[in-house]
Structures are given as structure tokens and as C-alpha cells.
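S.K.: For reference, the structure I am asking about is given below.
The values are calculated or read from the model by the stated rules, or taken from the named source; none is laboratory data. Since this is a predicted model, take the numbers as computed values, not measurements. Heads up: the accessible areas ignore ligands, DNA and RNA and are worked out on the full protein's heavy atoms, side chains in. Shrake-Rupley method; radii C 1.70, N 1.55, O 1.52, S 1.80 Å.
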Amino acid sequence: MDKMKRIRPQDMALEQIEWFIQENQLKPHTKLPSEREMCEMWGLNRSTLHTAIRQLIEERVLYSLRGSGTYVAPERLVRDIQAVQSTSQAMRKTGYFLWTEVLLSRVECSDEYVSRKLQITEGSKVFHLCRLRIRNSVPLMIEDCYIVYDRCEGIENCNFAEESLYRILNTYGVRLSSGEERIGIIYATEEESRILKVDLEQFLYYQTGIVRDTEDKIVEFFKIKARADQMQYTNVLRRIDLGTEGSEYL
């Protein structure tokens, strides 16, 4: 029984580091004490502490600079995969500044793939908006959005470096309500690695889906390619009642 209750030294080291960050309210990019100092503070051996630090670096809680030390990592942008919200809305909750660079903004004829996603006739007009999202000077994601153009004629004249797409759609009377999306992994192409400033073929989160309005009509088809070291996706488990069969979590 005593062995079952015993906490592994590595787990203890993890808890001590995380407790130290929370207790001292350390902000992102704050340097931690040296490994020697932390070992003395908590009575840990160097190997155990080093293993714990390496794990927290992999989990993006910490980051290390060669010859300088270990630092508190900035929080990744958390996206709720159940919520219909813009990147700007998600970013405001973190307190970080979001910069937008418009890579493309134009009206074009939909190809077979986009037409199928938007459930419109091939060759129909769509507004295509491609933006690079930047957080604190670090490239975050590339967003490609395709909007059914007859719902928002003239939208191409808006300045999307400063304006929110969803807010502009609201001025056209488009009320977004629900959507569907999928999240997977792709590997950065040469162009994506250049724009996002990552290594060629580094893995990226790939988020794609559609957004519907309150009348259940598809308004938008989107594709997002995001840096995995800057993004985190979350989901809320909800309990449902299955009557006599009990309950389950979804």
C-alpha cells in the first residue's frame, strides 16, 4: 500500500515547478531559478528535475534558451471547438494583441471543391479572404475564408487588416449560428513554412469547416493552418441522461 501511495520523484518535480509559477504569479518570459537552485529548494536530484523540465518544455509550459536558462512560456491560443467564434474573439480572452496581415482579398468564381462545401453552383461568386494572424510578433495561423458573395456584395472593399469578418457580416444582416469542423495535422509546405516561420514539413494543425446562419444556410467555408506550438484546442464534456441505461459523457 505504501508503494502505491508514493509519488514519483518526477511527478513531484512537475508539481513543484507548476506550483512555483502559480504561487509567484510568474508572467510569460520570466526566467526560472537555475536548476541547482531549484534542486536545493525542493530537495530534488538534478536528473529528476531536468526530466521534469524537459517534459514541461514539450508541453509548452516552459521554454529554454541555450546558455541563458529556462523561462515561462506564453500561453497558447485556446480555441473551443464547440464555439462559433472568430479568432479575434478567442484572442481577446487571452489579453494578447492580435495583428492581422491580409494576404488575399478578392471576389472569385468558386471551383468544384469550394462549391461543394458551400453547397452552391460551381462558378458562383465567392468572396475569398486569406489572412495571416500574428500574436505578439509571432505568426500564429493562416486563415482562408470563402463567403457566399450574394450574401455580402461589396464586402471586398472592407479593410480586414483592422475589421472583424464576423462583425462585417453582421452589418449585412448575416447572423451566424452553428457550424461543423474537423481538426487534423498537415505538414508545412515551402510557402507555409516561409509565412509561419517554421521549418519545412513541420506539422501544423489543420482546421476546416463550415458556418451556418440562423436559417441553417451555409455562409462560410474556412481552412486554418496553425502552428502547433502556438495553438491549443479544447472541448467541454457534457453529461447526458440515458434514462434507465444510466448517463454518459459526450
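S.K.: With Kirkwood's inverse mean 1/r over C-alpha pairs for Rh, give me the Rg to Rh ratio of region 133-231, two decimals please.
M.R.: 1.02
S.K.: So how exposed is W19, as accessible area in Å² (1.4 Å probe, rounded to 10)?
M.R.: 130
S.K.: Heavy atoms only, 1.4 Å probe, whole protein assembly: order H50, H29, H128 by accessible area, highest first.
M.R.: In descending accessible area the options line up as H29, H50, H128.
S.K.: What do you get when you divide the Cα radius of gyration of region 100-162 by 2.2 N^0.38 Å, with N the number of residues?
M.R.: Against the empirical 2.2 N^0.38 Å value, I get 1.22 for region 100-162.
S.K.: Distance cut-off 27 Å, Cα to Cα: go down the list K31/K223; K197/K217; K197/K223; K125/K217; K27/K223 and report the pairs above it.
M.R.: K31/K223; K197/K217; K27/K223
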